[in-house]
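> Here you go, one structure.
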Number of protein chains: 4
Amino acid sequence: MPAPDLSAVTAALTSQRIETPSWAYGNSGTRFKVFAQPGVPRTPEEKLDDAARVHEHTGVAPVVALHIPWDRVPDYAALAAHARDVGVRVGTINANVFQDDDYKLGSVTHPEPAVRRKALDHLLECVDIMDATGSRDLKLWFADGTNYPGQDDLRSRQDRLAEALSAVYARLGPEQRMLLEYKLFEPAFYATDVPDWGTAYAHCLKLGPRAQVVVDTGHHAPGTNIEFIVATLLREGRLGGFDFNSRFYADDDLMAGAADPFQLFRLMYEVVRGGGFGPQTAFMLDQCHNIEPKIPAIIRSVMNVQEATAKALLVDPAALAAAQTSGDVLGANAVLMDAYNTDVRPLLATVREGLGIDPDPMAAYARSGWAERITAERADGQQAGWGA
Amino acid sequence: MPAPDLSAVTAALTSQRIETPSWAYGNSGTRFKVFAQPGVPRTPEEKLDDAARVHEHTGVAPVVALHIPWDRVPDYAALAAHARDVGVRVGTINANVFQDDDYKLGSVTHPEPAVRRKALDHLLECVDIMDATGSRDLKLWFADGTNYPGQDDLRSRQDRLAEALSAVYARLGPEQRMLLEYKLFEPAFYATDVPDWGTAYAHCLKLGPRAQVVVDTGHHAPGTNIEFIVATLLREGRLGGFDFNSRFYADDDLMAGAADPFQLFRLMYEVVRGGGFGPQTAFMLDQCHNIEPKIPAIIRSVMNVQEATAKALLVDPAALAAAQTSGDVLGANAVLMDAYNTDVRPLLATVREGLGIDPDPMAAYARSGWAERITAERADGQQAGWGA
Amino acid sequence: MPAPDLSAVTAALTSQRIETPSWAYGNSGTRFKVFAQPGVPRTPEEKLDDAARVHEHTGVAPVVALHIPWDRVPDYAALAAHARDVGVRVGTINANVFQDDDYKLGSVTHPEPAVRRKALDHLLECVDIMDATGSRDLKLWFADGTNYPGQDDLRSRQDRLAEALSAVYARLGPEQRMLLEYKLFEPAFYATDVPDWGTAYAHCLKLGPRAQVVVDTGHHAPGTNIEFIVATLLREGRLGGFDFNSRFYADDDLMAGAADPFQLFRLMYEVVRGGGFGPQTAFMLDQCHNIEPKIPAIIRSVMNVQEATAKALLVDPAALAAAQTSGDVLGANAVLMDAYNTDVRPLLATVREGLGIDPDPMAAYARSGWAERITAERADGQQAGWGA
Amino acid sequence: MPAPDLSAVTAALTSQRIETPSWAYGNSGTRFKVFAQPGVPRTPEEKLDDAARVHEHTGVAPVVALHIPWDRVPDYAALAAHARDVGVRVGTINANVFQDDDYKLGSVTHPEPAVRRKALDHLLECVDIMDATGSRDLKLWFADGTNYPGQDDLRSRQDRLAEALSAVYARLGPEQRMLLEYKLFEPAFYATDVPDWGTAYAHCLKLGPRAQVVVDTGHHAPGTNIEFIVATLLREGRLGGFDFNSRFYADDDLMAGAADPFQLFRLMYEVVRGGGFGPQTAFMLDQCHNIEPKIPAIIRSVMNVQEATAKALLVDPAALAAAQTSGDVLGANAVLMDAYNTDVRPLLATVREGLGIDPDPMAAYARSGWAERITAERADGQQAGWGA
């Protein structure tokens, strides 16, 4: 293989698609406090309006993930039309079976059949919404788990989970996929029912090829090598997508690339190397902007993912393979580090110019007056947020 | 030293005092959801009523910590009188400078002087409340910190913190103490301003002898040896007290002793060995009962601390010292394990009989009808909770 | 189900089989220092002699795992006969492809085919040894991995690993099994080729039913819920066995049950609940006794596993299921804790009396004179150890 | 403050001094295997010869730390003269009280007075060596600790430690310093006697101003914010220096900057911001090159530290302070990230040209023929290594 061709890199960066989550435009916080921000959307439509600004200034974020019931509307086709009107489209549908009082001890894994049925009905409703919006992917994250040893039977909960997943999978259309997310802990503090990629993978295997694992970069134990998981899932044909965010401690949900940009680069390198760079992989953000303004934080996150991608694309595969094959530890590492140490901001400026947008998205957004406008226009009403 | 004298152990267990926190009687949850429970208190007085039940059935929990402003009342002397009327007394005052919108970027460490002044005023108000309630200890936990590298200047924040602590310390009466709590992370996700015992200790040193460190058992990095910290703080004369709870992952705030009862035992052993078992050390619970009923969870936690204490008191100091001095690794470990492996429930039943209470506190509470009564009586009104 | 029947518990404990590892009788240490101990075996036969003492005093440790080449002998049938002569038998064969200079960059995953071939030949030799000794299980732990990002291609290493495993699996006899072990890190410090149960499981799935995962209790990231993995592997029919040891930090290899006895109990509970308590699961110790005398440390470890097992067997399944089904969080937890808090040492004394051995194995070994005898007899020659 | 002045940055980088450790030139490994490398030094003098090559090609590494007894020689003045002859000088003296059989249960904290005395004598001998070599700093890292709860008395060990430190401090000359190192764990696996910065700091406080804490970047629990510790120690006037290396898991001792270059940058930023960039802070490497060739690995590590330093120096303090003061979270973070995202390799090439050396140290070393020469010349004799 030849050294990376800059025009191919530019083309790849131009074609990249990053999905932003509707909920990141609303208020969020910790268990201690949700700090409200001025101009926050009050409706799903206003979230799409904000998402359209992110796409306008980055050129690579035309898809918006929804979260049901946070984005529940009477007419999903109309919501999808609104999205198109403002220049974006509806992407992944995220189910939520963790905020009803019934779900205190679980949803699809709850010991009571009636609660499980209620949860399953919600999941099936989400597929209905996918049909209405034209969404390809159903993303399932379960808060299910237990807080105390003995609280419930770990194995029976797996049986119940498998039953629900199977029913949902059977309901999917032929072009629709199920993305199963895992998470080490939180809100469950003893045992989480899908705590790691292995559990998600084992369930997907039994369901079929359109059941895929989604990797949230904040959902692992300390020390976990996430890019290894990415490489492994790609090798197994089971990487459905990402929830990008970053963390120093637990599931901190900081801006992607903010805590460990080198890790994000390594991860994107494995995506590229494993053939995962393309529309078959959903590159989603899943973040909370608790203290920083939301739209610019999302723009910045998109840019961080772009920079990691650009560096990953700049790795010279031939030089790398040569060093690896000859056992040249320092040489192989140096090939990777050369790409990482490159300042790719000029390259991305060129990409943006090719897209007809300002090479400096943060400055362009700041100049646009959008922040002032929404602060003024959205002064009344109920701000959207987790739980709203 | 002779082997432990059972009557001395019994006397020690009879004299033990465990402080329960008013907020654990109210609703709590994670950032994802707060599940409401039936019968939850609506007022500080009702929290004291519930706390009185815990003391009634355990005999060792006569002190209740308050949290300001969650327990703000017009007349603190009246609140203290209510406590006495129901058989308990007001203990530690906990300040809260993390739930106003002003505190989004910090309280006493905030870059703006006006916010710092507001936070300091609250801390000083807490000392006024201590004067009114006769409380000995002011517990300070700061949510202050930053989420992103560069967000604020780490060192300037320490300077601001020192200034506030100094002002509060100067305001304390001669019998009052400041207990400074540290926490690794949450809600700050990059840098916390008092992240570890070393930072708390360094500040206390500069303040004076009545500034002491409080150890929350859930506030450490994975792998931290907490009993070492206990032993070290006792050696330095700076252990003010504990916030007991337990964790598998982060600051999970599960019932004390639920996740790692062996750790709780080791910690209580160091307390006993270091001369910290007595009224000079505040043994407080600080927990969240998100999914389990609150009063029995607190009773159970008190019992777990008692069991760990009983085992710690049963360690044979002479046998241990002999094995340690002779380098007998297995023998010394066995002395500790012999105590830990002892079933101390019969011993604690005897202690309870000596206190004139039922040997089985959980069963006695269940039989008492209190749960049914508060469920009926507290059906209306606003339940107390974090933020309420 | 009725409450646990004490005679059934006694019978189960009497039938329990714990396998001790030959290498734990030899010297071991950290990268900083190996402290030699008096009386350490100089030959595989002497290791078996020591293992026979552990069985003599515990009654439940009749099987000894070997490690090749540390236990390489000219005549394995003779070694197996020696084992029988002293009252034990040869168990699992452990391959070692990490101590030749050729393996600096890997063994079966090495970039060079010649090194991979050499490693594979060793694995096949181990199956020959199994044939000669009548061993059922081949345990494979690979130190393979990389220290630096980019050093080698993560995915190609998986391809090479799969190829080697497939060749070994094809060589196994119909009654022989392959136990694949995973480990988070060490000695590789960036990416380990089998870092987690998911990777081991995915490989086993492709090989066949006699490829099973082995869980070393010290090989996980901080916060990992190991009993969840046990429950999951049992549900998938892929739990081959355990390497027991304990840890506070990394792969500390301390005595089983020494660091977190509650965890060991929870794990054994899942074994019992999931139908894994029986000869189909290999219950092995894998420990390093760096500073404590080896034979008594192994006796103590066997006893710790027995105590955890006894407590697990004492859990009342009917009471637990009732509480779980009704969503009684505290009640269900209490059922588990009641068993854990029981002092099972008297019960195990009874089991030992039933086996015709001293109820106090540690004291019996101390009295036996074996330590003095081997110290005197084994004064000359080369002590066995890691690398010897 | 104005934006960074490039000539000042260049001057600072030109004046930077990085100390390399003699032991990194010798063989090292894990507890599983030490892989020997061709050309490894056989004597302290040959280690200095290799270190001189690192300085020759980087221009900023003229100081070499010694480790006693690994670098024990009959005539230390002669060794220091040899260092000068080859273009470097002897730096920090590292004591070693962990590789004698006597130290199995500790050195200065050992329960037996005779062992403590022996360890203290060694520490005092190290000060004698400092006198002979003109070294400023004595670095103390103690492997002391316990593997099992109860094994020894945690508090008594602190008392013994304090006694030894006090004796050593009293022996120091007026220009000499004691650098006390802390480490979370390894080789002790339950409690380490100096496990964290707080413990080291507390001891230093009692000794005097020339007792300072040294931060080894690999010696912390997962999630620890190391730059916070740096900022705090600088604020307290107690940062003596660094042991640089990097890690993904435990104390992996990989090349500095290899695992988390962003962390190394943040740490160097706090050094610069806190006034720690100067000769009063010892910037040392402490690494193990287990699988990669040692001299180029050390050159690469020096370069990585230089790159992190260059980026830290490029942070615009005025822009940062303005954003911080105004609570502009994203803006302040962006100022830091702008510096981090800069490709500083051209700047460092300029610095090297100013020093009269090749702008590409790795290539220059590769061309120099030194590797081939030492491989040929050092074929016989005993290679140096840990324990050699």
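The values are calculated or read from the model by the stated rules, or taken from the named source; none is laboratory data. What you see is a predicted model; the values in this text were computed from it and never measured. A quick note on method: Cβ atoms are made from the backbone with ideal geometry, for glycine too, and the neighbour counts reach across all protein chains shown. What goes into the accessible areas is simple: the full protein's heavy atoms, side chains included, and nothing from ligands, DNA or RNA. Shrake-Rupley method; radii C 1.70, N 1.55, O 1.52, S 1.80 Å.
> Let me see the P(r) profile for the protein assembly as shown: every Cα-Cα distance counted, bins of 20 Å, each bin given as a percent of all pairs.
With a bin width of 20 Å, the distribution comes to 9, 37, 41, 14, 0.
> Quick one: length gained pulling C:Gln382 to C:Leu355 fully straight, 0.36 nm per residue minus the C-alpha distance?
Details: separation 27, 0.36 × 27 = 9.72 nm, distance 3.61 nm.
In short, 6.1 nm is gained.
> Which ³J(HN,Hα) values, rounded to whole Hz and listed in residue order, are derived for region A:78-83 from phi using the Karplus coefficients 6.51, -1.76 and 1.60 in 6.51 cos²θ - 1.76 cosθ + 1.60 with θ = phi - 60°, glycine and proline given as x?
5, 5, 5, 5, 4, 4
> Within 10 Å of each Cβ of C:111-119, how many other protein chain Cβ atoms are there on average?
Numbers: counts 6, 3, 0, 0, 1, 0, 0, 0, 0.
For peptide C:111-119, the averaged partner shielding equals 1.
> To continue, here is another question. Could you please report the charge total around B:Ala349, scoring K, R as +1 and D, E as -1 over all other residues with beta-carbon less than 13 angstrom from its beta-carbon? Before the final figure, lay out the partial values.
Values: positive: B:Arg345, B:Arg352; negative: B:Glu307, B:Asp343, B:Glu353, B:Asp358, B:Asp360.
So the environment of B:Ala349 carries a net charge of -3.
> While we're looking at this one, here's another question. Mean shadow of region D:6-377, computed from the convex hull of its alpha carbons, in nm²?
On the way: hull surface 75.6 nm².
Quarter of the Cα hull surface area: 18.9 nm².
> Also: Taking region A:282-334 as the region of interest, what is the percent of Cα-Cα pairs per 10 angstrom bin, listed from the shortest bin to the one with the maximum distance?
For region A:282-334, the pair-distance distribution reads 21, 31, 21, 20, 8.
> Please list the three semi-axes, largest first and in whole Å, of the ellipsoid equivalent to region D:73-209, using sqrt of 5 times the eigenvalues of its alpha carbon gyration tensor.
Values: eigenvalues 159, 50, 37 Å².
Taking √(5λ) for each Cα gyration eigenvalue gives 28, 16, 14 Å.
> A follow-up question, please. Can you tell me the accessible area per residue over region B:6-377, all protein chains present, probe 1.4 angstrom, in square angstrom? Walk me through the numbers before you get to the answer.
On the way: 10530 Å² over 372 residues.
It amounts to 28 Å² per residue over region B:6-377.
> What part of the accessible area of chain C, given as a whole %, is carbon or sulfur when the probe is 1.4 angstrom? Provide the component values of the computation, followed by the final result.
Numbers: 6240 of 11590 Å².
On chain C, the fraction of accessible area on carbon and sulfur atoms equals 54 percent.
> What do you reckon, how do A:Tyr169, A:Tyr25 stack up by accessible area (1.4 Å probe), largest on top?
On the way: A:Tyr169 30, A:Tyr25 5 Å².
Largest accessible area first, the list is A:Tyr169, A:Tyr25.
> Non-local amide H neighbours of D:Asp196 (under 5 Å, H modeled in plane, Pro and chain starts lacking H): which ones?
HN-HN under 5 Å from D:Asp196: D:Lys183.
> May I pose another question? Quick one: order B:Glu163, C:Glu181 from most to least accessible surface, probe 1.4 Å.
Values: B:Glu163 130, C:Glu181 10 Å².
Correct descending sequence by accessible area is B:Glu163, C:Glu181.
> Sticking with this structure for a sec: Taking each label point as 7 Å beyond Cα in the direction of the beta carbon, state the distances from B:Arg367 to the same residue in the other copies, shortest first, in nm.
4.6, 7.9, 9.2
> Then there's this: How far, in nm to one decimal, is C:Leu6 from itself in the other copies if the label point is set 7 angstrom along Cα toward Cβ? Shortest first, please.
2.0, 8.4, 8.6
> Anything over 23 Å Cα to Cα? Flag those among C:Lys33/D:Lys33; A:Lys33/A:Lys294; A:Lys47/B:Lys118, in the order listed. Walk me through the numbers on the way to the answer.
Working: C:Lys33/D:Lys33 12 Å; A:Lys33/A:Lys294 17 Å; A:Lys47/B:Lys118 35 Å.
From the list (C:Lys33/D:Lys33; A:Lys33/A:Lys294; A:Lys47/B:Lys118), the Cα-Cα distance tops 23 Å for A:Lys47/B:Lys118.
> Mind grabbing the base-10 log of I(q)/I(0) for region A:263-359 at q = 0.14, 0.18, 0.19, 0.21 Å⁻¹? Debye formula, identical points on the C-alpha positions, no solvent, two decimal places.
-0.64, -0.94, -1.01, -1.14
> Here's a follow-up. Shortest first, in nm, what separates the label point of D:Ala167 from those of the same position in the other copies (7 Å along Cα→Cβ)?
Listed shortest first, these distances are 4.9, 5.9, 7.4 nm.
> So how exposed is B:Cys288, as accessible area in Å² (1.4 Å probe, rounded to 10)?
Using a 1.4 Å probe on the heavy atoms, I get roughly 10 Å².
> Find the all-direction average of the projected area of the Cα convex hull for region A:95-144, expressing the result in square nanometres with one decimal place. Show your work: numbers first, answer last.
Working: hull surface 12.9 nm².
Its average projected convex-hull area is 3.2 nm².
> Now a separate question. Starting from one equal scatterer on each C-alpha and no solvent at all, send me the Debye-based log10 I(q)/I(0) for region B:1-119 at q = 0.23 Å⁻¹, two decimals.
Computed log10 I(q)/I(0) values: -1.23.
> Between Rg and the Kirkwood Rh of region C:348-387, both from Cα atoms, what is the Rg to Rh ratio? Walk me through the numbers on the way to the answer.
Numbers: Rg = 15.0 Å, Rh = 12.4 Å.
Computed over Cα atoms, the ratio is 1.21.
> Quick check: pseudo-label points 7 Å beyond the Cα along Cα→Cβ at D:Phe32 and D:Thr375, how many nm apart are they?
Reported label-point gap for D:Phe32 and D:Thr375 is 2.6 nm.
> With a sphere of radius 13 Å drawn around the Cβ of B:Val9, what net charge do the other residues whose Cβ falls strictly inside it have (Lys, Arg +1; Asp, Glu -1)?
Numbers: positive: B:Lys311; negative: B:Asp5, B:Glu307, B:Asp316.
So the environment of B:Val9 carries a net charge of -2.
> Right, something else. Rank these by accessible area, largest first, 1.4 Å probe: B:Arg117, A:Arg273, B:Arg155. Spell out each step's value before the answer.
On the way: B:Arg117 120, A:Arg273 80, B:Arg155 55 Å².
Ranking B:Arg117, A:Arg273, B:Arg155 by accessible area, largest first, yields B:Arg117, A:Arg273, B:Arg155.
> Excluding D:Pro113 itself, what net charge comes from residues whose Cβ is under 13 Å from its Cβ, given Lys and Arg +1 and Asp and Glu -1? Please report the intermediate quantities before stating the final value.
Numbers: positive: D:Arg116, D:Arg117, D:Lys118, D:Arg160; negative: D:Asp102, D:Glu112, D:Asp121, D:Asp159, D:Glu163.
In short, -1.
> Could I ask something else about it? Suppose a student asked you for the relative contact order of region C:15-139, using Cα pairs under 8 Å spaced at least 6 residues apart; what percent would you report?
Details: 183 pairs, mean separation 28.8, N = 125.
Result for region C:15-139 is 23 percent.
> What are the ³J(HN,Hα) couplings of region D:171-180, residue after residue, when phi is run through the Karplus curve with 6.51, -1.76, 1.60 and θ = phi - 60°? Round to Hz, x for glycine and proline.
Those phi angles translate into 7, 5, x, x, 9, 9, 10, 10, 9, 9 Hz.
> Note down the relative contact order for chain C as a percent, whole number, built from C-alpha pairs under 8 angstrom at least six residues apart. Numbers along the way, then the final one.
Values: 716 pairs, mean separation 85.4, N = 388.
After rounding, I find 22 percent.
> What does DSSP give for the protein assembly as shown in terms of the percent of beta bridges that are antiparallel, rounded to the nearest 5?
Values: 16 of 128 bridges.
Taking every DSSP beta bridge within the protein assembly as shown, about 10 percent pair in antiparallel fashion.
> Can you give the relative contact order of region C:83-157 as a percent, counting alpha carbon pairs under 8 Å and 6+ residues apart? Could you put the intermediate results ahead of the total?
Numbers: 83 pairs, mean separation 30.2, N = 75.
Reported relative contact order: 40 percent.
> Could you give the alpha-carbon Rg of region A:151-308 over 2.2 N^0.38 Å, rounded to two decimals?
1.06
> Follow-up. Looking at region D:131-152, which residues lose a minimum of 30 Å² of accessible area between their chain alone and all protein chains in place, measuring with a 1.4 Å probe and not counting ligands or nucleic acids?
D:Asn147, D:Tyr148, D:Pro149, D:Gly150, D:Gln151
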